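Data block below; observations after.
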Amino acid sequence: SQQGEEDPQALSIQEGENATMNCSYKTSINNLQWYRQNSGRGLVHLILIRSNEREKHSGRLRVTLDTSKKSSSLLITASRAADTASYFCATVVRGSARQLTFGSGTQLTVLP
Amino acid sequence: GAVVSQHPSRVICKSGTSVKIECRSLDFQATTMFWYRQFPKKSLMLMATSNEGSKATYEQGVEKDKFLINHASLTLSTLTVTSAHPEDSSFYICSARDFGGGYTFGSGTRLTVV
């Protein structure tokens, strides 16, 4: 089953702009991860944020986590055309067999 | 870094035949692998958790006789779609927990049943 929802479902921006994607989840988690998927390809891990962390940075990526609201956001700054892809949040549910459960995803298109 | 090799990347088969998809961890041992299914423009849905040396754990609604999973070694898990039908056409992706505790994904298999 799906853990949560992401919004927007689709986002189209110009190169150089920032892109913000949001993810909500339903149950208590150990951590939340963000993945990127190019069309028809596998997933690439972007960043992981633990349940006791509130914000994390990696290069042009900034992730926030609000466990009280069960939500997370991914910000991509100074976007590039090569950032065009689908972005998914995924959670490891506390007490689970450690499988990842994915959100519904955001399709990001960065126009040159 | 950890690498998971998934083959084939694309397969077309006739209705009623079976198709085997392999997922191999190349530089680490994976006691647990996960199989996902993805419909076009949709998210990944967990199908089953594959455990080395024991039976796979299937998610609710996934037919275990339809989707046979074998995890006979610490580096190889296979998913066999038996008696495939057009509605089984989909993108299948495997994932393994790597030595760092993270998750490494295969590149996916596009199955088309005609």
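Data overview
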{"read-out": "Using distinct alpha-carbon pairs, which all enter the 1/r mean, Kirkwood radius of the stretch B:68-114 in Å", "value": "12.3"}
{"read-out": "³J(HN,Hα) computed for each position of the stretch B:20-30 - Karplus, 6.51 cos²θ - 1.76 cosθ + 1.60, integer Hz, glycine/proline x", "value": "10, 10, 9, 10, 10, 8, 8, 10, 7, 9, 10"}
{"read-out": "Förster-model FRET efficiency, 25 Å R0, residue B:7 and residue A:57, C-beta, rounded to 0.05", "value": "0.10"}
{"read-out": "Cα-based Kirkwood hydrodynamic radius, the protein assembly as shown, one decimal, Å", "value": "18.0"}
{"read-out": "For the stretch A:53-112 versus the stretch A:14-46, the gap between their alpha-carbon centres in whole angstrom", "value": "3"}
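All of the numbers you see were taken from the coordinates with simple rules; none came from a lab. Keep in mind the model is a prediction, meaning the values are calculated, not measured. A quick note on method: Cβ atoms are made from the backbone with ideal geometry, for glycine too, and the neighbour counts reach across all protein chains shown.
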